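Here's the structure, in structure tokens; my notes come after.
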Amino acid sequence: MTPGQALTQTRQELRLPSFRTAMVAGSSERIQRALTEFAAACGCTYACRYQSRELLEAELSGAEFQLTVQARSIPADGSGTLALPAEDAMQSEVVITGTPLDGRSVEGVLDDVVKFLHREASAYTEDDLDQIVENMPLLKRYAQPDAAWNSWALIFRDHYVENSVGFLLACERAGLAPEWIYALSKGDRTAHRERVHATFLERGYRSAVLDNSVIDGTAGESMQQQALLVGAEVNAFIRLAHQAGRRVLVIDDGGLIAQGRATGGTGWERIDGAIELTVSGLRRISRTNVEVPVVNMARSQLKTHIAYAEIADSCLRRVRSLLHGQKFIGRRAVCLGFGTLGARIARGLRASGVRAVVVDTDPLALIRAAEEGFETARGLRAALEREAPFLITGSTGAQAVTPEDLTSLPNGVFLAGFATKDFSLFSLNTEDLPARKIAETGTEYVLPHGGSVILLGDGRSLNLYEAEGIPNQGYDAYRAGTYLVATAMCRTAKDLPPGVHLQAADQIIEDAGLFDAYYDTYIATDTTDRCGVMSLGADYV
Ligand SMILES: NC(=O)c1ccc[n+]([C@@H]2O[C@H](COP(=O)([O-])OP(=O)(O)OC[C@H]3O[C@@H](n4cnc5c(N)ncnc54)[C@H](O)[C@@H]3O)[C@@H](O)[C@H]2O)c1
């Protein structure tokens, strides 16, 4: 018996109460609604009273437990959303105390209540949703009621972040009924994933996780089983939509359709059109015999020139926040990959005073890097022979550290992966290295020759590890462009020939004048806005 189990047993024998705490978005009224539902779901009695307008106290009694819940409404601290909290926005501090009856453990039911509260009471409030919409003005401008959406159903697989919420709200505004939206999370540990999931369910969408590891073939047994269940649900959704006379559009961040019937596979029911958002997904799809039109957003002008700058910025900010105790200026880093993302990472690090060495397998990429003034090397080991870096970044999309590299890695180096495969040697621990989790930071792996390295985050895209990634304004144009392409697909998918359409997105975005709108909205802001802000300040004085 572990010390923890012994303590739990002693508490049960002495009938000592146990407790949990939780911080839940919204006022205590939301807690009350969620507790009423919890009581109904588990068949226990429920009574609640307000001690004051801010303090709720509730009792839940079942055959095996007695719970007291205290919830205090306090001003929101802004941690639950990307926006500044509205003046009257509230969140609730909750303490749940459980007394065991008949010597039974209450630990499980306490955990259940916390999970239930996070699921049922954590959806974004109407104020939060308004802020998301307002912070994506281009998407707001373009997403107007449009009959083209009326005959479609949408499967949207991406990260569970606020700009994904903004995107699906835009589809709703266009006329897509909530029951015809199936949202799938790629499985990254984004900061507000629970809130996003709760919001989708509350709005009437279907929502589940379809982990990217299943798509890229690195999933373990249980993840694959879960994916099979979700896959069956998604297939049922596609069949239902077709029976209702709707066509099905997939917007995917990672090549989901490469596994389906639309590409000659056996996985997914045939869909009617797709928009692919990632380079790796595009690669997967191009290896198949695709039988439906797929529009490429991954290599669109919009993604390359506008979205990638924001992605790189979010990657760099995440590294800085996780390594806030480290000196950066003057130190050496190795940047694996000098492609669309990696070049921006290397430049960003250099701009903050880091001496970045670029490694790439493509000689042209090395030439570009060298001619921009970077030190370069053809391989990781060659780069490590010169001087030990404190940081290695990965933006290749390939296994960038191999077992042969292990003996060259310097002790204590931090590994920041922005593509899942780069440091998969560690995240999948294929070499069985002794490992130690470091809370909130990552995992330390002991190297075969002694010393250790620290993989930041969970080895997946670090900018999305317990973080939101890109600010809503930063992805506004990209989401607006995706919306424009999706609307065009709803109008014309039946006329588009099967296959990957590389240029279509650029044309649609140009025709809609999105770059002009972007420039006017974010770059050429006129002085009337500034006067607005100044006069607001003056009112307060
Ligand atoms: N974290 C995020 O939010 C995010 C966003 C966009 C892209 N990505 C991922 O980043 C990866 C790179 O995307 P990109 O658009 O820059 O692709 P890219 O093709 O433009 O760049 C990849 C670069 O890596 C180089 N490379 C390939 N294998 C290598 C190896 N073993 N060692 C060193 N260099 C190698 C290539 O030659 C190329 O220059 C992809 O996997 C993509 O999915 C992540």
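Give me the Kirkwood hydrodynamic radius of the range 336-489, using the inverse of the mean 1/r over all pairs of distinct Cα atoms, in Å to one decimal.
Numbers: mean 1/r = 0.0599 Å⁻¹.
The answer is 16.7 Å.
Any chance you could run the full-extension gain for residue 523 through residue 309? It's 0.36 nm times the residue separation minus the Cα-Cα distance, nm to one decimal.
Details: separation 214, 0.36 × 214 = 77.04 nm, distance 1.48 nm.
Full extension of this stretch gives 75.6 nm more.
For the pair residue 411 and residue 29, what calculated FRET efficiency results from E = 1/(1 + (r/R0)^6), where r is the Cβ-Cβ distance and R0 = 60 Å, to the nearest 0.05?
Values: r = 54 Å, r/R0 = 0.90.
Approximately 0.65, to the nearest 0.05.
Figure the gain on full extension for residue 242 and residue 52 (residue separation times 0.36 nm, minus the Cα-Cα span) and round it to one decimal in nm. Don't jump to the answer; show the numbers that get you there.
Details: separation 190, 0.36 × 190 = 68.40 nm, distance 5.25 nm.
Between residue 242 and residue 52, full extension yields 63.1 nm more.
Cross-link check: pairs 303/421; 115/327; 115/303; 140/437 evaluated at a Cα-Cα cut-off of 31 Å; pairs beyond the cut-off: 115/327; 115/303; 140/437. Label separation (residue 283 vs residue 437): 3.0 nm, computed from points 7 Å beyond Cα along the C-beta direction.
Please state, rounded to one decimal and in Å, the Kirkwood hydrodynamic radius that the chain gives when every pair of distinct Cα atoms enters the mean of 1/r.
Numbers: mean 1/r = 0.0390 Å⁻¹.
About 25.7 Å, per the Kirkwood formula over Cα pairs.
In this simple spin-label approximation, residue 116 and residue 102 carry label points 7 Å from Cα along the Cα→Cβ vector, and these lie 1.9 nm apart.
Helical runs assigned H by DSSP (4 residues or longer) give the chain a calculated mean residue ellipticity at 222 nm of -11500 deg cm²/dmol, each run adding -39500 (n - 2.57) before division by the residue total.
Give me the mean projected area, in nm² to one decimal, of the convex hull enclosing the Cα positions of the range 3-122. Display every interim value, and only then the final one.
Details: hull surface 32.1 nm².
The orientation-averaged projected area of the Cα hull of the range 3-122 comes to 8.0 nm².
Select from the range 272-308 those trypsin sites (Lys or Arg not before Pro) which occupy a DSSP coil region and have at most 11 other Cβ atoms within 10 Å, ordered by residue number.
On the way: sites: 283, 284, 287, 299, 303; in loops: 287, 299.
Those that pass, being in a loop and sparsely packed, are 287.
Dimensions of the range 406-484 along the principal axes, based on C-alpha atoms and rounded to the nearest Å, stand at 53, 22, 18, largest first. Backbone phi angles across the range 507-516, fed through the Karplus curve with coefficients 6.51, -1.76 and 1.60 (θ = phi - 60°), yield HN-Hα couplings of 5, 4, 5, 5, 4, 7, x, 5, 5, 4 Hz in residue order; Gly and Pro are listed as x.
At full extension, residue 74 and residue 492 could sit 145.5 nm farther apart than now, given 0.36 nm per residue minus the alpha carbon distance.
With every protein chain kept in place and ligands, DNA and RNA left out, what is the accessible area per residue of the range 304-464? Probe 1.4 Å, answer in Å². All intermediate terms of the calculation are to be shown ahead of the outcome.
Numbers: 6880 Å² over 161 residues.
That works out to 43 Å² for each residue.
Remark: the range 358-374, residue by residue, has Karplus-estimated 3J(HN,Hα) of 9, 10, 8, 7, 9, x, 5, 4, 5, 5, 4, 5, 5, 6, 8, x, 7 Hz, where x stands for each Gly or Pro and the curve is 6.51 cos²θ - 1.76 cosθ + 1.60 at θ = phi - 60°.
Building the convex hull from the alpha-carbon atoms of the range 354-424 and averaging its projection over directions returns 4.7 nm².
Based on the Kirkwood radius over alpha-carbon pairs, what value in µm²/s does the Stokes-Einstein equation return for the translational diffusion coefficient of the range 226-363 at 10 °C and 1.306 mPa s? In µm²/s, the coefficient rounds to 90. For residue 501, the residues 5 or more places off, or on other chains, whose built amide H falls under 5 Å of its own are 294, 295, 296.
The values are calculated or read from the model by the stated rules, or taken from the named source; none is laboratory data. Keep in mind that what you see is a predicted model, and the values were worked out from it rather than measured. All Cβ positions, even for glycine, are placed from backbone atoms using ideal geometry, and neighbour counts span all protein chains on display. When the accessible area is computed, the model is the full protein with side chains, heavy atoms only, and any ligands, DNA or RNA have been set aside. Shrake-Rupley method; radii C 1.70, N 1.55, O 1.52, S 1.80 Å.
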